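Colleague: My structure is below; once you've seen it, I'll send some questions.
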Amino acid sequence: MNISYNWLRELTGVTLAPKELAERLTMIGLAVEVVHEVKDDSVLEIDLTSNRPDCLSHLGVAREVAAATHGRVSLPVDAPSRVKGRAEDYTAVEILDADLCPRYAGRVVRGVTIKPSPDWLVKRLEAIGQRPINNVADITNYVLHEQGQPLHAFDLSKLAEARIVVRRARKGEKIRTLDGVERALEEEMLVIADAVRAVAVAGVMGGEETEISDATRDVLIESAYFNPASVRRTAKKLGLHTEASHRFERGVDYAGVLRAQERCVALICELAGGTATENAIDVYPKHLEPPMVSLRPERVKSLTGLDVDSAEMLRILLALGFIQREAMAAMSAAGTSSLGASRALNFIAPTWRVDIEREEDLVEEVARHFGYEKIATALPASNIAGEYQPSERKRRALRRAMTASGFDEAISFSFIAAEHDGRFELLPNFASGNESDVGGNTKKNESGYAGDESNRSEGNDEGKGRFVSLTNPIIEGVTRMRPTLLSGMLDAVRHNFNHGTRDVRLFETGRIFAANSEQGKLPLEREAFALVATGGVIEEGRAGAARELDFYDLKGALEVAVDTMNLRPLRFEAASVKHLREGQAARILIDPGVMQSAEMSVPPAVAGGSSSHHPPVTAGGTDMLVQRRVIGSIGRLDEAVASLYKFRQPVYVAEVDLSALLDAEERLVLYTPLARHPSVVRDVSLLVGRRVSLAEMLDAITDERLENFRDAKLVDVYEGANLPEGKRSMTLRIEYRADDRTLRDEEVDALHARLVELLETKFGAQQRV
C-alpha cells in the first residue's frame with residue numbers, strides 16, 4: 001500500500017520527518033518497507049496484514065498516526081456546491097440479494113463535463129502509482145485512496161430504465177468488463193444490473209457498456225458494502241484482482257458508505273461542473289452493528305507484561321475510534337476517565353475495524369501503541385512444574401530415531417490439488433468409503449481401489465463427498481485438505497531431484513483430513529507418519545553410495561522408530577496396495593494390547609518378523625489373545641504413480657496411522673538377570689517355497705513352546721543357481737539355554753531335531769546339508 005506523506009500531513013498535521021514517521025508506524029504494527037521520494041513528496045510503502053483493511057487508505061493510516069503522535073484527524077467535510085432535485089426522480093435502486101449486499105447507495109450528478117483532471121489531482125494519484133484517466137474516474141480513485149471506500153461511476157443514460165438492480169447472475173449470463181474481456185458469470189456471483197442486463201461485477205469491476213466517456217453528461221455514483229466472502233470468491237473465479245476487490249474482500253467501513261459518496265459527489269461538482277441531487281438513495285435492508293468488546297485492565301499486564309496506566313489505556317482506545325459505552329453519556333471535560341483496577345469496561349468497536357472481536361484484540365491495541373519494544377524478556381509466572389503432554393515423549397523418541405537413521409524431517413502444505421484424488425490408497429478406517437473387516441483390512445472394489453467408486457478418476461470434483469474441499473483456497477487450484485501425507489512427500493522428492501539431489505530420505509508427521517459423513521459435523525482428522533527413501537546409502541565420511549536403498553531399509557527404519565517409542569513390534573503382511581508395486585508392498589499391523597501376562601515369555605526378537613500372512617485377528621494359546629489391526633502400508637512406489645512425478649529410480653514409501661501408534665499400549669519393561677549358564681546355538685539351512693515368509697517360520701517355532709528354547713534369528717537367505725525353481729534357502733540360528741544347568745549335547749539335539757521336523761512338516765521344508 002503506497003501512502004503519500006504530504007497527504008498524511010494534510011489529514012493529521014504530523015511534524016515527524018518521513019523516515020521518522022516510517023519508523024513510528026513500523027513500531028505500531030504497520031511495517032513500512034521503504035520510503036522513496038516522488039518529486040516534492042515522499043511515499044511510504046506499507047506491508048499490511050490481511051486483517052487490517054482499514055489501513056488500505058490514507059484516512060486509516062492517519063488514524064494510526066494521530067493515535068501514535070497524540071494528534072487529531074481532520075477529514076475534509078465538504079458538500080456539493082450545486083444541488084437540485086431528488087435522487088428518486090432520476091433513478092431507482094433495488095437489492096434482491098441482501099445477504100451478499102447489505103447496503104447500496106446511489107446518487108446522481110447531472111450536467112458533468114468529462115475532461116482531464118487538474119494538475120494537483122494528477123500529481124497526487126501519480127505519486128501513489130495510480131494512472132490518471134479523466135476527472136470523474138480520477139475522483140472515484142482519489143476518494144478510494146483517501147477513505148478506503150471503492151466507488152463506481154455509471155453513465156446514467158446507458159442504464160436501461162435508469163435503474164440499478166443488485167442481484168445474483170442469471171444462468172449463462174455474460175458481461176464485458178472494463179478491461180475489454182467478455183466473462184461468463186456463475187449463478188452465485190453478485191452483479192449490478194439495470195432493468196435488462198448485468199452492468200458490473202459487484203465489488204470487482206464495472207462493465208464496458210456503461211463506462212464513462214467524453215459524451216457522458218449524467219453519472220450515477222455507486223457506494224456500497226458487499227459481502228467479503230462473495231467478492232473474494234467471485235474475484236478468484238474470474239481471475240480479476242482490482243483495487244476495489246482487494247478492499248471489499250477484506251471488509252470496508254459499512255458506516256462510511258454515504259460519507260465517501262458525499263466526498264466524491266462534492267469533488268465532481270467542483271471539478272466537472274455538475275449538479276447533484278439533494279439526497280442519495282440509500283437501500284440498507286440488513287443493518288450491521290459493530291461488536292461490543294469487554295476489557296479488564298489487568299489483562300493487559302497479564303498477557304503482555306506491560307504496566308500501562310489506566311488513563312493511557314483509555315487514551316489509546318479512544319484515539320483509535322473505540323467508544324467506551326459507560327462513558328458515552330458523560331465523560332470528563334478532558335475526554336478521559338479513570339479505569340478501575342478490576343472493573344471490566346465495554347467498548348464499541350469502530351465500524352472500520354473488522355478485526356476486533358474479543359478482549360485480546362483490545363489488549364493488542366493498547367500494547368502496540370504503548371510500545372512492543374517495552375516488553376521485557378521474562379518467563380511467565382507459574383506455580384506448577386512443566387511437563388510433557390502424554391504423547392510428547394513418544395513423538396520425541398520417533399524424531400530421534402528417524403534422524404539417527406539418516407532421515408530428514410519434511411513439512412508439507414496441508415492443502416493439495418484435486419488431481420491427487422484417488423491416486424493413493426488412504427489409511428484404513430479413516431476416510432469414508434473405506435469399508436473394513438473386523439481386523440482393519442480394507443475391502444476393495446473390482447478396480448482394486450480401496451474406496452467408493454466415485455473417486456476412481458483423478459482431478460475431478462466427484463470426490464467432494466469423501467475429501468474436504470476448500471470454498472476459498474488460498475492458492476489457485478489447491479482445493480483439497482490433504483487426506484494423505486504422501487502427496488506432499490513425493491513433491492518434496494521431485495523438488496530434490498530437480499535440484500540434483502538423487503539420494504533422499506525424508507519423514508513427516510502431520511494431520512490428514514477426510515469428510516465427515518454426518519451432516520454439519522467438522523471434518524475428520526488423524527495424525528499420520530510417512531517415510532520416503534530413494535537413491536543410495538551414503539555412509540559417514542564417504543561421497544559415493546555404498547549400495548542402493550531398498551524395501552528393507554525403509555522397513556528397518558520404521559521398526560527402529562516403533563521400538564524407540566517402546567511399542568510392540570509391528571507386523572507386516574504381503575498385500576495389494578493401489579499406489580505400490582505388486583509384489584513389493586505390504587500392510588502394516590500393530591498389536592494395540594495383549595490381555596495376559598504370559599506374553600512376556602515370547603522373546604521380543606520373535607514377536608516381530610520380516611513379513612507374515614497372519615490374519616488381522618490372531619489367537620495364540622489359551623492364555624494369550626492378540627488383537628491386531630492394519631494401520632498403514634509400505635512398499636515400492638508403483639510405476640504408474642512414479643511416472644506422474646517423472647521418477648526414474650525406485651522410490652520406497654510408507655504411511656502409518658500415527659494416532660494409533662500414540663494410543664498403543666507401551667511394552668512393560670521388566671528386569672531380567674543375566675544368564676548364569678551358557679547358551680547352545682545351532683544353525684539350520686532349509687529349502688522352502690518362495691511364498692513361505694520368515695515370520696511364519698519364527699511364529700511356528702515360538703508357538704511350539706519348547707522348554708529351554710530362547711531365540712531364533714535369520715542368518716542368511718540365498719536365492720540363485722543350483723536351487724529348484726520357486727525355492728530359496730533360509731538359514732536360521734536357534735538358541736537353547738536352561739536357567740538351572742548347562743544343557744548336554746543330546747538334550748539340545750533332541751530339541752533341535754523336533755523344531756526341524758516341525759518346520760519340514762508345516763512348510764514342506766527340506767534340510768540342506
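Colleague: Once you list every other residue whose beta carbon is under 13 Å from the beta carbon of Lys237, what net charge do they have if Lys and Arg are +1 and Asp and Glu are -1?
Modeller: Summing Lys/Arg as +1 and Asp/Glu as -1 gives -1.
Colleague: So, one more: Run the helix sum for the chain: -39,500 (n - 2.57) per DSSP H stretch of 4+ residues, divided by residue count, reported at 222 nm to the nearest 500 deg cm²/dmol. Mind showing how you got there, number by number?
Modeller: On the way: 19 runs with 200 residues, N = 769.
The helix-only estimate for the chain comes to -8000 deg cm²/dmol at 222 nm.
Colleague: Additional query: In segment 699-739, carbon and sulfur make up what percent of the accessible area (probe 1.4 Å)?
Modeller: Here carbon and sulfur together make up 38 percent of the probe-accessible area.
Colleague: Using a ≥ b ≥ c from the Cα gyration tensor of segment 76-141 (square roots of the eigenvalues), is it rounded, prolate or oblate, where a/c under 1.5 gives rounded and otherwise the larger of a/b and b/c decides, a/b for prolate?
Modeller: Verdict is oblate for segment 76-141.
Colleague: Tell me the trypsin sites (Lys or Arg not before Pro) within segment 348-431 that lie in a loop according to DSSP and have at most 12 other beta-carbon atoms within 10 Å.
Modeller: Of the trypsin sites (Lys or Arg not before Pro), the ones in loops of segment 348-431 whose Cβ has at most 12 other Cβ atoms within 10 Å are Arg358.
Colleague: If packing is taken as the average count of other Cβ atoms within 10 Å, what order do 752-759, 287-294, 265-272 fall into, highest mean first?
Modeller: 265-272, 752-759, 287-294
Colleague: Find the accessible area per residue for the chain; the probe is 1.4 Å, ligands and nucleic acids are left out, and the unit is Å².
Modeller: With all protein chains present, the chain gives 48 Å² per residue.
Colleague: Hey, another quick one. Nearest-5 percent of antiparallel DSSP beta bridges in the chain?
Modeller: For the chain, the DSSP antiparallel bridge percentage is about 95.
Colleague: Moving on to the next point. For segment 614-769, what is Rg from Cα atoms divided by 2.2 N^0.38 Å, rounded to two decimals?
Modeller: After normalising by residue count via 2.2 N^0.38 Å, the value is 1.35.
Colleague: Hey, another quick one. Which of the peptides 640-653, 573-586 is most tightly packed, and how do the rest follow, going by the mean number of other Cβ atoms within 10 Å of each residue?
Modeller: 573-586, 640-653
Colleague: Testing the spin-label approximation: label points 7 Å from Cα along Cα→Cβ at Asn722 and Glu665. State their distance in nm.
Modeller: 4.9 nm
Colleague: Moving on. If I compute percent of Cα pairs over 36 Å apart from the structure I just sent, which labelled value in (1) 62; (2) 49; (3) 44 lines up?
Modeller: (1)
Colleague: Related question: Determine which lysines satisfy two conditions relative to Lys727: a Cα distance under 30 Å, and not lying fewer than 8 residues away in the same chain.
Modeller: Qualifying lysines at Cα under 30 Å: Lys555, Lys578, Lys713, Lys762.
Colleague: Calculate the spin-label point distance for Ser74 paired with Arg400, positioning each point 7 Å from the Cα along the beta-carbon direction, and give it in nanometres.
Modeller: That separation, rounded to one decimal, is 6.8 nm.
Colleague: Based on alpha-carbon positions alone, could you give the equivalent ellipsoid semi-axes of segment 464-599 from the gyration tensor, as √(5λ), descending, whole Å?
Modeller: With the √(5λ) rule applied to segment 464-599, the semi-axes are 30, 26, 13 Å.
Colleague: In nanometres, what is the gap between the two model label sites at Tyr552 and Lys174, each 7 Å from Cα along Cα-to-Cβ?
Modeller: 6.6 nm
Colleague: Which angle between 0 and 90 degrees, to the nearest 10, do you get for helix 694-703 versus the longest principal axis of the chain when only C-alpha atoms count?
Modeller: Computed tilt is about 60 degrees.
Colleague: Then there's this: Rg/Rh for segment 638-695 to two decimals, with Rh computed the Kirkwood way over all alpha-carbon pairs.
Modeller: Here the Rg-to-Rh quotient is 1.19.
Colleague: To continue, here is another question. Ranked highest first by average number of other Cβ atoms within 10 Å, how do 677-685, 532-540 line up? Intermediate results must be reported in sequence, preceding the final value.
Modeller: Numbers: 677-685: 14.8, 532-540: 17.1.
Listed from highest to lowest mean packing, they are 532-540, 677-685.
Colleague: When N is the residue count of segment 1-107, what does its C-alpha Rg come to as a fraction of 2.2 N^0.38 Å?
Modeller: 1.43
The values are calculated or read from the model by the stated rules, or taken from the named source; none is laboratory data. Owing to the predicted nature of the structure, the values given are computational and were not obtained by experimental measurement. Backbone-built Cβ (ideal geometry, glycine too); neighbour counts: all protein chains shown. Please note that ligands, DNA and RNA were not included when accessible areas were found on the heavy atoms of the full protein model with its side chains. Shrake-Rupley method; radii C 1.70, N 1.55, O 1.52, S 1.80 Å.
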